[in-house]
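Trainee: Supplied in structure tokens, the structure appears directly below.
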Amino acid sequence: MPSPTATLTQAPEAVWHRRHVIDSALLSRAEVEEVLRTAKTFASILARPIKKVPTLRGKVVANVFYEDSTRTRTSFELAAKYLSADTVNFSVATSSVKKGESLLDTAQTLVAMGIDAMVIRHGSSGVCHQLAQTFGDKLAIINAGDGTHEHPTQGLLDLYSILERVPSVEGLKIVIVGDIAHSRVARSNIHLLSLFGADVHVVAPSTLLPAGLEKLPCTAHHNLEAALEGADIVMGLRLQLERQKSGLIPSLSEYAKYYGITRERLALCCKPSTIVMHPGPMNRGVEISSDIADDPHRSIITHQVTSGVAIRMALLYLVLTIGNGGSSNENIA
Ligand code: NCD
């Protein structure tokens, strides 16, 4: 299997100087390549029997999740722990948020207790920028999903997972299927995949395509079979029912009939080598059938989850060392 680094332009000197990871749209190709290279190093550490390294000893990472999460929250927590950082999992359900405390006051409280990084998921697009403006360099902010805006760490782990399978995404046809309108994952993927030269397509009923899509580097479709023609990679997305107004789709079964990723559909429109991805959580039988989600020849869904830990270790390392006046030549392990 080719390694991600095999496709990367050689950039020996560090280009990463960011204190925050908020928008994938702002990242340069060289910055993304540095993240992927760093993640590759951490992935090799994670393959050792003892995974923990002292790299971020003495640093404190707060996971502040105002929305539900399994994968993102757990992988950030594990990433911080494998790097020997201390972690605080801030639970909105049992916090003073329930007493009306604002996000900025909550963040101020955590900063006053000495946290170094805040990994934040919030229902409101743009909160990460607000935090970054308020705290500046005092606190590293990592966006773990803000409203319908962006989910940069998911986009980065998706790119990393693809590059574990293929040497380059240049010219590959990548089709993102589902609730594009409400998906921060779609937005981050469109930016990153097109930055690396992929031919990105999105497909959904018109009610699930966002206004302003023409400004993004992708081609929109309504018909799944037509969109899938010649696809190298198909990425399914969950219907974000919690964000939708009612009436956007006639019914789940109708949606599944026209937009579900199924074995029959892939056999009809795609090559045997077409890769299937999904950021999770999946609604099996709605956007993707179980046999495809679990197909070891097509699906890299579990691999995406695994890659998430190495990518998040890389980002924590970069924002808490290089972005803080350190150097990429610091000893990682
Ligand atoms: C996504 C999210 O929260 O944006 N999940 C994830 O982080 N893996 C997608 C989703 O919730 O459907």
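Trainee: Determine which member of the set Lys81, Lys40 is of a type in the set (D, E, K, R), assigned to a helix (DSSP H, G or I), closer than 26 Å to Phe196 by Cα and in the same structural domain as Lys138 (by TED's automatic domain parsing).
Mentor: Selected residue: Lys40, the only one of Lys81, Lys40 that is of a type in the set (D, E, K, R), assigned to a helix (DSSP H, G or I), closer than 26 Å to Phe196 by Cα and in the same structural domain as Lys138 (by TED's automatic domain parsing).
Trainee: Quick one: Thr70 ticks every box in (1) within 16 Å of the ligand (Cβ to nearest atom); (2) touching a helix residue (DSSP H, G or I) at 6+ places or on another chain (Cβ under 9 Å); (3) β-branched (Val, Ile, Thr) bar one, so which box is it?
Mentor: (2)
Trainee: Considering segment 40-60 alone, what residues qualify as being in contact with a Leu (Cβ under 8 Å, 6 or more places away or on another chain) and either hydrophobic (A, V, I, L, M, F, W, C) or farther than 26 Å from Val88 by Cβ (or both)?
Mentor: Scanning segment 40-60 gives Val53, Leu56.
Trainee: Here is a follow-up. Scanning segment 161-172 for residues that are of a type in the set (A, V, I, L, M, F, W, C) and assigned to a helix (DSSP H, G or I), which turns out farthest from the ligand (Cβ to nearest atom)?
Mentor: Leu163
Trainee: Moving on. Which of the residues spanning segment 179-202 are farther than 14 Å from Ile233 by Cα, among the hydroxyl-bearing types (Ser, Thr, Tyr) and either without any contact (Cβ under 8 Å) to a residue 24 or more places away in the chain or outside any loop (DSSP other than H, G, I, E, B) (or both)?
Mentor: Within segment 179-202, just Ser188 meets the criteria.
Trainee: Can you pull out every residue in segment 263-281 that is out of contact with any strand residue (DSSP E or B) (no Cβ under 6 Å at 6 or more places or on another chain) and within 16 Å of the ligand (Cβ to nearest atom)?
Mentor: Once the filter is applied, which keeps residues that are out of contact with any strand residue (DSSP E or B) (no Cβ under 6 Å at 6 or more places or on another chain) and within 16 Å of the ligand (Cβ to nearest atom), segment 263-281 yields Pro279, Gly280, Pro281.
Trainee: Same structure, new question: When segment 238-250 is examined, which residues are found to be closer than 15 Å to Val286 by Cα, in contact with a helix residue (DSSP H, G or I) (Cβ under 6 Å, 6 or more places away or on another chain) and within 11 Å of the ligand (Cβ to nearest atom)?
Mentor: Gln240
Trainee: Within segment 93-106, track down each residue that is surrounded by fewer than 16 Cβ atoms within 10 Å (Cβ to Cβ) and either within 16 Å of the ligand (Cβ to nearest atom) or among the hydroxyl-bearing types (Ser, Thr, Tyr) (or both).
Mentor: Scanning segment 93-106 gives Thr94, Ser95, Ser96, Ser102.
Trainee: Next question. Please state which one of Thr134, Thr109, Thr87 is more than 15 Å from the ligand (Cβ to nearest atom) and touching a Leu at 6+ places or on another chain (Cβ under 7 Å).
Mentor: Being more than 15 Å from the ligand (Cβ to nearest atom) and touching a Leu at 6+ places or on another chain (Cβ under 7 Å) holds for just one of Thr134, Thr109, Thr87, which is Thr134.
Trainee: When you scan segment 237-254, do you find a residue that is of a type outside the set (Gly, Ala, Ser), touching a strand residue (DSSP E or B) at 6+ places or on another chain (Cβ under 7 Å) and either closer than 26 Å to Gln304 by Cα or modelled with pLDDT under 95 (or both), even just one?
Mentor: Checked against the condition, which is being of a type outside the set (Gly, Ala, Ser), touching a strand residue (DSSP E or B) at 6+ places or on another chain (Cβ under 7 Å) and either closer than 26 Å to Gln304 by Cα or modelled with pLDDT under 95 (or both), segment 237-254 yields at least one hit.
Trainee: Give the residue, chosen from Asp137, Asp158, that is at pLDDT below 95 and either within 18 Å of the chain's Cα centre (by Cα) or assigned to a helix (DSSP H, G or I) (or both).
Mentor: It is Asp137.
Trainee: What number of residues in segment 10-34 are surrounded by 14 or more Cβ atoms within 10 Å (Cβ to Cβ), among the small types (Gly, Ala, Ser) and modelled with pLDDT of 95 or more?
Mentor: Total meeting the criteria: 3.
Trainee: Among the residues of segment 36-47, what is the count of those that are crowded, with 20+ Cβ neighbours inside 10 Å and more than 18 Å from Arg165 (Cβ to Cβ)?
Mentor: 2
Trainee: Moving on. For the subset of segment 173-213 comprising residues that are of a type in the set (Gly, Ala, Ser), crowded, with 24+ Cβ neighbours inside 10 Å and within 15 Å of the ligand (Cβ to nearest atom), which member is farthest from the chain's Cα centre (by Cα)?
Mentor: Ala204
The values are calculated or read from the model by the stated rules, or taken from the named source; none is laboratory data. All figures in this text were calculated on a predicted structure; none of them were measured in a lab. Because the Cβ atoms are built from the backbone with ideal geometry, glycine has one as well, and the counts that use them run over all protein chains shown.
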